Amino acid sequence: MKRCTHRHVTTECSSAAEEVGFMRPPLDKRLAATTASGRRTAEKLATHKDAMSNGWSFPGPLVLPDDDLALDPKYPPQSLKSWLTYNKKMPISTERNAIYVVSPPEITEGVREMLQGWEKPRVPRDFVMSGLPDLIPQPTTDDVCAYLRAFYHKMEIKRHDGKFRWQAWDSNSSNGPKYIGLATPKPTEELIGVRYRPSPDGIARMQVNLNDVLDALIDRVPSNAYAIVMLTDQDLYEDDDDDFCCGRAYGESRIAVVSSFRYSPTLDGYANIDLEHMWPVSHCKSYVDEQCGQQPGRAKTTPPPPDSPISAAIKACNAVPKPKTRDELAGLWFSRVSRTMAHELGHCLGMDHCVYYACTMQGTAGMAEDVRQPPYLCPVCLSKLSRGMASFVGQGVVVDRQREYIEQRYNALRGFCENWSHVGMFAGYQAWIERRLEENKEE
């Protein structure tokens, strides 16, 4: 089968967006959304106006059929002004700026046999991908922490010292929900009952209920913590109608949980993931046309400028060989989990789902959409984070401190990505960042 050349890239929403009634906020609204006043004025912006109007730097959300915004096209936008109102309840401060990452709960001897295989997807025979090695290493807490230190630059990212443990639960009835115990660490030791069930789609031997897991976190947020997030190996579900859920955050409670289960490369065939069109090549015009049921070339497009961030990202990503070894596939797995960890923690910092641009804070309706979304924050969401972190960048005019923070953060992320350049997403992210830094100097 001939590989796609990705010669033409679209920077706007797909034709499906118009069909379902999604209207992307126009440029003047996007510009106003980055100001504390909520009005488009002559004031400086944290991200230069030129970049905000340049689709080769920040394209619009795709909104393909069955994407999150296609299913909920009237989702309300959240501006910087709206975020500031929310953020006043709990601003980021030197006294409370730590993010704690909780490792997957340990499995105690009493439930080891019971939990055997819960963390391993059961791939239907028709979707087994040939050539994959056995036992691909799961994402580690240390690697997740390293990524978050760059993504949430200047926040203190800590691995939680306490050990949560899966234990037996002795109060199961014969005809009610089934429970497993989640033991919490000192100083507030408690055994929380967590519901479990077989996954409706048969992919997970058993899933655990994310609301019950979050209940184990809510009273155990350290005093200096801004947020706490748990990584789990087991599949999650939220309510009886769910097939599965990869993660969830209770923003006002500053707690979140993320499962690595569904991000396993072994499930790519079952999840209908197009490996050739993950970010940064998700805006490939021929791919978008195909997904929308259009004939290729219906709309006039031009190749992206070779010096643009998106062009640099595509070139760098395409230069990375398709992952085949255990370590390469482990890197792919980690890249997916790290993006979702950053997304859920964004909710803990008060950021809502984004409708302005393709952005890591977009909502997602499934795994195929998840891997199409970028790892970066768009100008509107970045204005929120940089505003919240401005107090950590010296003194002076707020917008100047925001710009300084953005540059420092980009450099921190670039340094992280350099160490992971063997992974397509991180190679593309590094190239995208480098070009954005050059654009900032030019602007």
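The values are calculated or read from the model by the stated rules, or taken from the named source; none is laboratory data. Since the model is a prediction, treat every value here as computed from it, not as a measurement. All Cβ positions, glycine included, derive from the backbone under ideal geometry; neighbour counts span all protein chains shown. These accessible areas exclude ligands, DNA and RNA; they are computed on the full protein's heavy atoms, side chains included. Shrake-Rupley method; radii C 1.70, N 1.55, O 1.52, S 1.80 Å.
Structural remarks
- Of all residues making up the range 172-188, the number that are touching a strand residue (DSSP E or B) at 6+ places or on another chain (Cβ under 7 Å) and farther than 15 Å from GLN234 by Cβ: 4
- Just one residue in the set GLU119, GLU106 is of a type outside the set (A, V, I, L, M, F, W, C) and surrounded by fewer than 17 Cβ atoms within 10 Å (Cβ to Cβ); that residue is GLU106.
- Sole residue being over 22 Å from THR85 (Cβ atoms) and hydrophobic (A, V, I, L, M, F, W, C), chosen from VAL355, VAL371, VAL380, VAL398: VAL371
- Residues of the range 206-220 satisfying the condition of being in contact with a Pro (Cβ under 9 Å, 6 or more places away or on another chain) and part of a strand (DSSP E or B): GLN207, ASN209
- Taken over the range 221-246, the criterion of being under 18 Å from LYS120 (Cβ atoms), in contact (Cβ under 8 Å) with a residue 40 or more places away in the chain and assigned to a strand (DSSP E or B) is satisfied by LEU231, THR232, ASP235, TYR237.
- Test: residue in the range 376-389 that is open to solvent by less than 20 Å² (accessible area, probe 1.4 Å) and under 14 Å from TRP279 (Cα atoms): yes
- GLU95 being modelled with pLDDT of 95 or more, open to solvent by 50 Å² or more (accessible area, probe 1.4 Å), part of a loop (DSSP other than H, G, I, E, B) and among the acidic types (Asp, Glu): no
- Among (1) open to solvent by 80 Å² or more (accessible area, probe 1.4 Å); (2) over 26 Å from ARG220 (Cα atoms); (3) in contact (Cβ under 8 Å) with a residue 40 or more places away in the chain - the single one SER57 does not satisfy: (1)
- Qualifying residue in the range 382-393 (condition: modelled with pLDDT under 95 and on the phi > 0 side of the Ramachandran plot): no
- Filtering the range 134-184 to residues that are polar (S, T, N, Q), open to solvent by less than 40 Å² (accessible area, probe 1.4 Å) and farther than 30 Å from TYR405 by Cα leaves only THR184.
- Qualifying residue in the range 34-42 (condition: touching a strand residue (DSSP E or B) at 6+ places or on another chain (Cβ under 9 Å), in a loop (DSSP other than H, G, I, E, B), open to solvent by 30 Å² or more (accessible area, probe 1.4 Å) and modelled with pLDDT under 95): no
- Enumeration of residues in the range 329-382 that are closer than 22 Å to TYR405 by Cβ, among the acidic types (Asp, Glu) and in a helix (DSSP H, G or I): GLU344
- Number of the condition not met by ALA225 [criteria: (1) under 27 Å from SER264 (Cβ atoms); (2) out of contact with any helix residue (DSSP H, G or I) (no Cβ under 6 Å at 6 or more places or on another chain); (3) open to solvent by less than 10 Å² (accessible area, probe 1.4 Å)]: (1)
- The range 145-200 holds strands (runs of 3 or more DSSP E) entirely within its bounds, and those carrying 1 or more residues that are within 17 Å of GLU106 (Cα to Cα), touching a Pro at 6+ places or on another chain (Cβ under 7 Å) and among the hydrophobic types (A, V, I, L, M, F, W, C) map to 165-167, 178-183.
- Residue count for the range 2-28, restricted to those that are surrounded by fewer than 19 Cβ atoms within 10 Å (Cβ to Cβ), free of Cβ contacts under 8 Å to residues at least 60 places away in the same chain and either of a type outside the set (A, V, I, L, M) or on the phi > 0 side of the Ramachandran plot (or both): 8.
- Scan of the range 54-74 for residues that are outside any loop (DSSP other than H, G, I, E, B) and either in contact with a strand residue (DSSP E or B) (Cβ under 9 Å, 6 or more places away or on another chain) or of a type in the set (Asp, Glu) (or both), ordered by number: ASP68
- Test for ILE203: is it assigned to a loop (DSSP other than H, G, I, E, B) and under 22 Å from GLU119 (Cα atoms): yes
Rundown of residues vs (1) in contact with a Cys (Cβ under 7 Å, 6 or more places away or on another chain); (2) modelled with pLDDT of 90 or more; (3) under 27 Å from PRO65 (Cβ atoms), yes/no style:
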residue: GLU276; (1), (2), (3): yes, yes, yes
residue: CYS284; (1), (2), (3): yes, yes, yes
residue: GLY297; (1), (2), (3): no, no, yes
residue: ALA312; (1), (2), (3): no, yes, no
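- Restricting the range 247-268 to residues that are outside any strand (DSSP E or B) and open to solvent by 20 Å² or more (accessible area, probe 1.4 Å), the residue that is modelled with the lowest pLDDT is GLU252.
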